[in-house]
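The values are calculated or read from the model by the stated rules, or taken from the named source; none is laboratory data. Owing to the predicted nature of the structure, the values given are computational and were not obtained by experimental measurement. For neighbour counting, all protein chains shown are included, and Cβ atoms are generated from backbone atoms with ideal geometry for every residue, glycine included. Surface areas here come from the heavy atoms of the whole protein model, side chains and all, with no ligands, DNA or RNA. Shrake-Rupley method; radii C 1.70, N 1.55, O 1.52, S 1.80 Å.
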Amino acid sequence: MKLPSRRILAVLSVTALVASACSSSATPSPAGNTPGPTAAVTAAVTPAPTAAAGQTPVEVVSWWTTGGEASGFNAIIDAFNTANPTIQVTNSAIAGGAGSNAQAALQNRVLAGTPPDSFQVHMGHELLDTYVTPGYMDNLDDLYAANGWTTQFPKGVLDIVSAKDASGATHYYSVPLDIHRANVLWYNKTVFTSNNLTPPATWADFVTDAKVLAAKGITPLAVGDNGIWASGMLLEVMLIAELGSDGYNGLWTGVTDWSGAKVTAALNDFKTVLGYVNSDHSSLTWDQAADYLIPASAGAQPKAAMTMMGDWAAGEFDNKKFTDYGWIAAPGTTGVYDALADSFGLPSKAQHKDQVKLFLTLLGSAAGQDIFNPYKGSIPANSTAGHPATGAKQYSAYQTWAMGEWKADSIVPSLEHGAAAKPSWKGAVEAAVTVFVANPDVPTLQAALVQGCKDAGICK
Amino acid sequence: MRISRDRVISLLVIAPSILAVAVFVYGLIFWTGYISTVKWDTLRPDYTPVGLANYQSIFANNRFLMDIRNTVVFTIFFIAASLAIGLLLANLIDRRIRGEGIFRSIIVFPMAVSFIVTGVVWRWILSPGQDAAHPQGVNQLFGLDPTSNRWLTDAHVVYIQPDSPVYGVLHDIGLGFITSPNIGVPIALLSIVLAAVWQMSGFVMILYLAGLRAIPEELKEAARVDGATEWRIFRHVVFPLLTPITLSAMIILGHISLKIYDLTVAMSGSGPGFATDTPALFMWQTTFRDGEFGRGAAVAIVMLVIVAFVVVPYLVWNRRQEVEA
């Protein structure tokens, strides 16, 4: 049977294949927290830093491209370039995905042996396991000794940025520029005063408050866990609340038993609290959830009363001109500072080590940290900082409160922000939490967490 | 034997593309295959051979099994719905209605939109809203209750439950494995199917429309003379002649759905309980977030094999058709 359709079909199939190939190859970076494959492309085309004649170009990669964090980082770079006219530091920023795009691009460059002179990375295991253990970074022991940082940074921070070598000697691998706190409970003040409630100090108090709020038609706790890390943060706060700072730290070193009764209690708390969250949590990002605390109009009832989020939430509220918010340490974690930090290290194959060390010295100094942190909304990691120059941007009410807490609290590393465990272990915890929020079964979650510790090579 | 001048020139002209494809497609496939058999589990390359350990580890990973389930379910629903809607639209447009060009363009236009844009918009439409008092998107439009119409956030998986009558029967005849939640239909995934069908059914319509227009009117006339009803003409004359179109459409849609990544990432990421997770997302996170390059390569190879199952028979069939013609 011969039909003219055959030729048409042939042409059509080719056209269709071409069309579909085009549509599937044009894959832009996704909007949410999950990184897209475009990051690899970005890395390949990152332009070389430009410098005037006689100046040494120093390239620093960050993921700060907009808002206060970009303003702050540019301010500190300007200050450095003005003070060091022979050096030109440039910020090769890679936008998107809370740094995950930048991390993928950086990994490509480090693997290819052409890293930037320094780059932004979360302090702790994200740096240590990804870059330090495979031998891609130089230590910064000389900078720490020369600047007295071993006494200026709190012990909790020194523990997180350092690693022991085979002989047991401690080495420092990055300079923390800022400190964020993950365990903060944010609440709408009017909702609490008009219902005669006080912000909960424990998760038991939380349940009491939540019952009152739920009866009034207000979602007690707003969660936006698209990309799951917001629920992962809830879990880490539950673990701190039940285990305390030492017990929680022990989880990541193999000292605390993941199958123990206190972990079970924390997981049960987690399950209880998930009963008081908005039902659309899996389709929201953290900032959309935070916006649930903001009433549609003045005096209206907001959609939610509280949200548990890191202290970057203050910036979200300020951006939306919302002032009626209060904060306390997350329930059960008063006196514990669940910390994460952006830090900068020194790649072994950096081109301009002497010059970039000067820049790193400024990043770690009290003066440098007081330029950057008022913009970023974080607090300085250096305990001698906290006094910005007159005329420069000053610290906010929240930051002043947080600096006071920072000096008094015990410091623990955040899991979800790369400080506590290596990325594959964090991935395993997130996988278990993803299943748990859909089907909250405590024994399944606990078994997965126990297995995660074993797979990470920490637990036997 | 002398090789003609033409032949030399044609070989020279085609050589760059052959070389490029050999290196950048087949070379990298072999490289990925090799990486999938080595230890490489940090940023530092480590070529210690580990045999099939990476494959064992991903097939022992429940997330990966759910990803395979999602891929199969998505492919079946997406292809079936796109073909059905595309065929229906093509037949409606084929009535030679007024303004056909306008309708055709309107229906095909979604295909011109990037999957990422489709994903963002459908995410707004299919986000349910936080509770009964605050519906959003489609729930707001139709006055539905967000607590029972969960759309993208629905974590349920429909599978054969222990209280189902066939559960015992299946276990008795040794097919008990079918009753796992990993052999089921995640409800949230159907929302993704909805968006994908919206985007691609117009394309299927164009394929079918070309096929319909290529069918000689005489065949239908002959059937009418023989007293066939319009339905029987469609069923026994038109539809069989559309078979090659259907097959082409299935292959094109099939390879899109097996590789789907951007749409799910834009709409819901991994979704509640990995209801909308895909092997591509798992591969990306395993490789570039966790630094497990060997394991990520193993996922890539499994994806390649699955796609090959669909594409290779098509290529063979196509080749045979060409030889016959």
Inset, instruction - Go over the candidates A:Lys454, A:Lys426 one by one and state the one that is assigned to a helix (DSSP H, G or I) and either touching a helix residue (DSSP H, G or I) at 6+ places or on another chain (Cβ under 6 Å) or buried (at least 17 other Cβ atoms within 10 Å of the Cβ) (or both). - result: A:Lys426
Inset, instruction - Might you let me know whether region A:76-87 holds any residue that is over 23 Å from A:Ser378 (Cα atoms), touching a Ser or Thr at 6+ places or on another chain (Cβ under 8 Å) and away from chain B (no Cβ under 14 Å)? - result: yes
Inset, instruction - Tell me which of these A:Leu177 doesn't satisfy, since it passes every other one: (1) touching a strand residue (DSSP E or B) at 6+ places or on another chain (Cβ under 9 Å); (2) at pLDDT below 95. - result: (2)
Inset, instruction - Check whether at least one residue in region A:216-234 is over 22 Å from the mean Cα position of the chain (by Cα) and within 30 Å of A:Ala385 (Cβ to Cβ), and report yes or no. - result: no
Legend entry - Which numbered condition B:Asp94 misses (of (1) open to solvent by less than 60 Å² (accessible area, probe 1.4 Å); (2) within 13 Å of another protein chain (Cβ to nearest Cβ)): (2)
Legend entry - Which numbered condition A:Gly135 misses (of (1) more than 24 Å from A:Ser383 (Cβ to Cβ); (2) open to solvent by 10 Å² or more (accessible area, probe 1.4 Å); (3) at pLDDT 95 or above): (3)
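Determine whether A:Gln399 is over 20 Å from A:Thr264 (Cβ atoms) and either in a helix (DSSP H, G or I) or open to solvent by 30 Å² or more (accessible area, probe 1.4 Å) (or both).
Yes, satisfied.
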Inset, instruction - For region A:92-113, state whether one or more residues are within 14 Å of chain B (Cβ to nearest Cβ), touching a His at 6+ places or on another chain (Cβ under 6 Å) and crowded, with 18+ Cβ neighbours inside 10 Å. - result: no
Inset, instruction - Evaluate the following for A:Thr202: is it within 14 Å of another protein chain (Cβ to nearest Cβ) and either buried (at least 22 other Cβ atoms within 10 Å of the Cβ) or under 15 Å from A:Val336 (Cα atoms) (or both)? - result: no
Inset, instruction - Run down B:Pro110, B:Pro146 and say which single residue is open to solvent by less than 40 Å² (accessible area, probe 1.4 Å), within 12 Å of chain A (Cβ to nearest Cβ) and without any contact (Cβ under 8 Å) to a residue 60 or more places away in the chain. - result: B:Pro146
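Per-residue answers, yes or no, for (1) assigned to a helix (DSSP H, G or I); (2) of a type outside the set (Phe, Trp, Tyr); (3) open to solvent by less than 40 Å² (accessible area, probe 1.4 Å):
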residue: A:Leu221; (1), (2), (3): no, yes, yes
residue: A:Gly224; (1), (2), (3): no, yes, yes
residue: A:Ser231; (1), (2), (3): yes, yes, yes
residue: A:Glu242; (1), (2), (3): yes, yes, no
residue: A:Ser245; (1), (2), (3): yes, yes, yes
residue: A:Asn249; (1), (2), (3): yes, yes, no
residue: A:Ser259; (1), (2), (3): no, yes, no
residue: A:Ala266; (1), (2), (3): yes, yes, yes
Legend entry - Enumeration of residues in region A:93-128 that are at pLDDT 90 or above, in a loop (DSSP other than H, G, I, E, B) and not acidic (Asp, Glu): A:Gly113, A:Thr114, A:Pro115, A:Pro116, A:Met123, A:Gly124
Inset, instruction - Would you mind stating whether A:Lys460 is surrounded by fewer than 17 Cβ atoms within 10 Å (Cβ to Cβ) and among the basic types (Lys, Arg)? - result: yes
Legend entry - Those residues of region B:113-136 which are at the interface with chain A (Cβ under 9 Å from one of its Cβ atoms) and either closer than 18 Å to B:Pro272 by Cβ or touching a Lys or Arg at 6+ places or on another chain (Cβ under 8 Å) (or both), in sequence order: B:Gly119, B:Arg123, B:Leu126, B:Ser127, B:Pro128, B:Gly129, B:Gln130, B:Asp131, B:His134, B:Gln136
Inset, instruction - May I ask you to verify whether B:Leu141 is hydrophobic (A, V, I, L, M, F, W, C) and either more than 9 Å from chain A (Cβ to nearest Cβ) or closer than 27 Å to A:Ala438 by Cβ (or both)? - result: yes
Legend entry - Residue in region A:275-294 that is farthest from the other protein chains (Cβ to nearest Cβ), counting only those that are open to solvent by less than 30 Å² (accessible area, probe 1.4 Å) and out of contact with any strand residue (DSSP E or B) (no Cβ under 7 Å at 6 or more places or on another chain): A:Thr285
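Just name the residue that is most open to solvent (accessible area, probe 1.4 Å) out of those in region B:35-70 that are more than 11 Å from chain A (Cβ to nearest Cβ) and free of Cβ contacts under 8 Å to residues at least 24 places away in the same chain.
B:Gln56
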Inset, instruction - Residue by residue through region B:113-139, note down the ones that are loosely packed, with under 15 Cβ neighbours inside 10 Å and within 22 Å of A:Ala300 (Cα to Cα). - result: B:Ala132, B:Ala133
Legend entry - Test: residue in region B:258-269 that is free of Cβ contacts under 8 Å to residues at least 60 places away in the same chain and either of a type in the set (Ser, Thr, Tyr) or in contact with a strand residue (DSSP E or B) (Cβ under 6 Å, 6 or more places away or on another chain) (or both): yes
Inset, instruction - Return yes or no: is A:Gln120 within 11 Å of chain B (Cβ to nearest Cβ) and buried (at least 21 other Cβ atoms within 10 Å of the Cβ)? - result: no
Inset, instruction - Using the structure shown, decide if A:Val184 is under 27 Å from A:Ile458 (Cβ atoms) and buried (at least 24 other Cβ atoms within 10 Å of the Cβ). - result: no
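Of all residues in region A:336-382, count the ones that are hydroxyl-bearing (Ser, Thr, Tyr), open to solvent by less than 10 Å² (accessible area, probe 1.4 Å) and farther than 27 Å from A:Gly135 by Cα. Spell out how you get there, then give the answer.
Of the residues in region A:336-382, the ones hydroxyl-bearing (Ser, Thr, Tyr) are A:337, A:343, A:348, A:361, A:365, A:375, A:378.
Okay, now just the ones that are also open to solvent by less than 10 Å² (accessible area, probe 1.4 Å), so A:337, A:343, A:378.
With farther than 27 Å from A:Gly135 by Cα added as a condition, the list becomes A:337, A:378.
Number satisfying all stated conditions: 2.
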Inset, instruction - Could you tell me whether B:Gly174 is free of Cβ contacts under 8 Å to residues at least 40 places away in the same chain and either among the hydroxyl-bearing types (Ser, Thr, Tyr) or within 29 Å of B:Phe64 (Cα to Cα) (or both)? - result: yes
Inset, instruction - Take the residues in region A:303-335 that are open to solvent by less than 10 Å² (accessible area, probe 1.4 Å) and more than 21 Å from the chain's Cα centre (by Cα), then tell me which one is nearest to B:Gly129 (Cα to Cα). - result: A:Ala304
Legend entry - Residue count, region A:378-430 (criterion: under 28 Å from A:Ala75 (Cα atoms), of a type in the set (Gly, Ala, Ser) and touching a Leu at 6+ places or on another chain (Cβ under 9 Å)): 5
Legend entry - Lone qualifier among A:Gly260, A:Gly275, A:Gly217, A:Gly247 - being under 26 Å from B:Ala132 (Cβ atoms), without any contact (Cβ under 8 Å) to a residue 24 or more places away in the chain and of a type in the set (Gly, Ala, Ser): A:Gly275
Inset, instruction - Kindly state which helices (runs of 4 or more DSSP H) lie completely within region B:213-325 and contain at least 2 residues that are over 30 Å from A:Asp129 (Cα atoms) and either more than 10 Å from chain A (Cβ to nearest Cβ) or open to solvent by 30 Å² or more (accessible area, probe 1.4 Å) (or both). - result: B:217-225, B:230-233, B:243-258, B:293-324
